[in-house]
Amino acid sequence: MAGRINDDDVKAVRDAVPIDAVVSEYLQLRNAGGGNLKGLCPFHDEKSPSFQVSPAKGLFYCFGCQEGGDTVDFVMKIDHLSFAETIERLAGLAGITLRYEEGGYTPGRQQGERIRLVEAHKHAAKFYVEQLDSPEAEIGRAFLASRGFDQAAAQHFGVGYSPAGWDHLTRFLRGKGFSDKELILSGLAQDSRNGRPIDRFRGRLMWPIRDITGEVIGFGARKLRDDDNGPKYLNTPETPLYKKSHVLYGIDLAKKDIAKTSRAVVVEGYTDVMACHLAGVTTAIATCGTAFAGDHIKILRRLLMDNSGAEVVFTFDGDAAGQKAALRAFEDDQKFAAETSIAITPGGMDPCELRLAQGDAAVQALVDTRTPLFAFAIRQVVARHNLDTAEGRAAALEAAAPIVANIKNGSIQHEYAVQLAGMLGILDTQFVVRRVGQLARWARERGVRPGEGQGGGRQHRAAPAAAPQQAPARGGPALNLRSPAHRTERELLKLALQRPELVAPAFDAYGEDEFTAPPYVAVRRAIEQAGGVTHAADDYLARVRDVAPDDTVRAMVTELAVEAIHNKNVDEIYAGVQLVQVRLRAVERRIEEVQGSLVRLGPQAAPEHLTAVQNELWVLEQYGRSLKDRGAAAL
């Protein structure tokens with residue numbers, strides 16, 4: 001059985017890897033003020049960023065779906081890893097050697113499954129690269145040269161070669177300590193007729209497929225020989241690491257420039273990605289043996305921050321298949337806040353062939369002369385109809401008008417409605433403009449996309465947008481943030497978690513009954529159990545989260561620790577105001593209770609009991625006046 005990772009090593013890993021550095025591998029982060037960063041949440045679909053990261057506290061929190069935690073929680077959630085696998089992965093990033101209890105560390109035995117598979121792929125990628133220099137790989141080097149790629153290009157993209165024998169890689173990885181079971185599970189090997197594993201990829205040119213963090217998780221293999229009876233391209237099968245619908249080839253190289261330029265270029269193959277990057281279009285990415293779909297969109301949206309100034313450019317061949325693919329891409333247009341465009345390669349050439357024939361400048365010009373995707377879709381739909389007849393023009397209008405109505409920018413929508421009238425030869429331009437506006441208005445009122453439920457074939461309409469994923473409801477009693485008491489209690493707890501020195505030592509004397517919202521009572525209790533604010537140290541927030549009784553309270557702690565404090569000047573004066581307001585409201589509530597007791601006692605009450613209640617009321621009223629007059633000095 002694998003040993004338990006040493007607690008000191010776990011703490012060292014948590015402290016060593018900044019949360020913003022880890023999160024920014026998956027999504028673009030921008031300044032959110034107050035030292036926080038924001039981006040589109042990777043755990044649910046959203047149009048505007050509600051996901052915040054606090055580098056100073058080492059925490060993240062999404063105010064949309066309530067996911068939150070520290071660096072370890074983020075990696076566990078986004079990559080579906082166990083706690084041990086996450087610590088091992090982060091330790092590798094930080095260069096920390098982990099110690100395992102119950103017998104020490106045995107390489108290859110005490111690592112999690114995913115870590116082992118990643119290591120196997122890392123060794124395989126290096127093996128394939130080394131094999132590209134072998135005499136047998138001459139055919140692979142010749143193929144690369146014929147596509148305009150030299151040795152430096154191959155090295156930049158990690159292109160390699162798989163030997164033609166049955167088990168070269170298998171024997172190599174066994175020598176590295178990997179079991180046959182791990183090789184089969186990784187997709188690097190497959191069962192043979194005699195029951196022994198053999199290499200899945202043999203005699204092929206190999207492209208490593210990396211995830212967004214740069215880890216090799218699979219391979220794409222190109223056939224080189226005529227006697228190879230397999231498909232032209234053979235990809236890694238679905239494995240615990242590799243899900244083709246979640247992978248974009250080149251995303252590890254392109255992500256920074258995609259975020260920087262707010263543009264992504266989607267091409268169709270590995271060599272097209274290489275050609276674009278070498279030609280200076282460094283935002284090019286491609287799918288891996290599958291159509292561009294919803295999960296790919298989510299990856300790009302997080303990098304583009306989904307703002308209206310961003311753009312996704314699709315490149316397709318000019319043939320019928322390319323045009324069909326472009327129309328499929330248009331069906332996903334409404335899933336982006338970014339504008340979508342299309343670049344049709346001339347003469348049916350792909351970007352790799354274009355670079356070979358006309359050079360780097362032609363590839364750059366291809367992207368620069370792109371056309372809005374909806375304009376392309378309108379032309380394609382109109383071209384299917386006979387515009388020489390009134391019936392054909394009417395049918396074309398009903399097919400194309402929903403596309404125009406889908407255009408997000410109102411002024412551009414109007415302009416294309418006018419252009420559509422011209423394309424159809426309809427002299428009454430305003431009739432077309434009104435029809436487009438009517439479809440757009442109906443769609444808004446019914447909450448559907450223009451064209452849904454209308455007559456005509458499916459190919460005449462954009463596909464319905466996916467319903468936005470609803471954020472899961474947080475458990476526990478609801479909070480009323482319109483309540484002044486709840487707002488002040490929330491602000492005081494944020495101060496206690498984020499700036500404990502400003503509310504110490506007074507806060508530690510506050511009882512749970514001074515907080516009226518049950519979730520805030522639970523957070524106050526967790527702070528107390530963690531040692532309070534007076535002695536808060538570097539691990540203070542981690543201790544508060546650790547003592548939280550359940551995930552609901554832990555999420556609330558994380559939320560309050562990340563949420564911005566609602567004041568520009570966060571100082572002792574502001575903290576004092578919150579302390580006084582919470583205490584004053586607690587005093588006023590107690591005064592009401594005591595006054596109610598006096599009424600209930602009536603004149604027949606025992607004198608000593610009546611006197612005690614009256615004395616308590618007098619003390620409370622004096623204390624309340626003091627709080628109003630002297631502020632924090634009266635605490």
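Values quoted throughout were computed directly from the atomic coordinates according to the rules given, and no laboratory measurement underlies them. Note that the coordinates shown come from a computational prediction; the quantities given were computed from them, not determined experimentally. Cβ atoms come from the backbone with ideal geometry, glycine included; neighbour counts cover every protein chain shown.
Roughly what % of DSSP beta bridges within the chain run antiparallel, to the nearest 5?
Among the beta bridges of the chain, antiparallel pairing accounts for roughly 70 percent.
Here the spin labels are modelled as points 7 Å beyond Cα on the Cα-Cβ line, and at Arg225 and Ala16 they lie 4.5 nm apart. Orientation-averaged projection of region 553-623 equals 7.3 nm² [convex hull of Cα atoms, one quarter of hull surface area]. Our note on the geometry: Cα centres of region 126-168 and region 1-56, 37 Å apart.
Let me know the shape class of region 93-201, please: from the alpha-carbon gyration tensor, a ≥ b ≥ c as square roots of the eigenvalues, rounded when a/c is under 1.5, otherwise prolate if a/b is greater than b/c, or oblate.
Working: a/c = 3.18, a/b = 1.55, b/c = 2.05.
Oblate is the answer for region 93-201, as a/c is 1.5 or above yet b/c matches or exceeds a/b.
What you get for the chain, charging only the Cβ of Lys and Arg (+1) and of Asp and Glu (-1), is a dipole of about 1160 debye around the Cα centre. With R₀ set to 30 Å, the beta-carbon distance separating Asp629 from Ala564 gives a calculated FRET efficiency near 0.45.
Can you tell me how much longer the chain between Ser411 and Ala509 gets when fully stretched, taken as 0.36 nm per residue apart minus their C-alpha distance, in nm with one decimal?
Details: separation 98, 0.36 × 98 = 35.28 nm, distance 6.00 nm.
Contour length minus the Cα-Cα distance gives 29.3 nm.
Given their separation in residues at 0.36 nm each and the Cα-Cα distance between them, Ser134 and Ala293 gain 53.4 nm when the chain is fully extended.
Taking only the alpha-carbon atoms of the chain, what semi-axes of the equivalent ellipsoid follow from 5 times the gyration tensor eigenvalues under a square root, in whole Å, largest first? Write down the numbers at each step before the final one.
Working: eigenvalues 633, 299, 70 Å².
Here the semi-axes work out to 56, 39, 19 Å.
Using the Cβ-Cβ distance between Glu113 and Ala145 with R0 = 35 Å, the FRET efficiency computed as 1/(1 + (r/R0)^6) comes to roughly 0.35. Measuring between their Cα centroids, region 579-611 and region 213-232 lie 80 Å from each other.
Taking label points 7 Å from Cα along the Cα-to-Cβ direction, Leu387 and Arg434 give a separation of 2.3 nm. Of the residues Thr611, Gln498, Gly410, the one whose Cα sits farthest towards the positive end of the charge dipole of the chain is Gly410 (charges of +1 on Lys and Arg Cβ, -1 on Asp and Glu Cβ, taken about the Cα centre).
Distance between the modelled labels on Asp539 and Ser483, one decimal in nanometres: 3.5 nm (7 Å Cα→Cβ projection).
Cα axis of helix 320-331 to longest principal axis of the chain: angle in degrees, 0 to 90, nearest 10? Compared with the principal axis, the helix lies near 10 degrees.
Counting pairs of alpha carbon atoms under 8 Å apart in space and at least six apart in sequence, what relative contact order in percent does the chain give? Intermediate results must be reported in sequence, preceding the final value.
Working: 982 pairs, mean separation 64.0, N = 635.
The value is 10 percent.
Could you point to the residue in Trp166, Val216, Gly148 farthest towards the positive end of region 132-222's charge dipole, with +1 and -1 charges on the Cβ of Lys/Arg and Asp/Glu respectively? Among Trp166, Val216, Gly148, the one farthest towards the positive end of the dipole of region 132-222 is Trp166.
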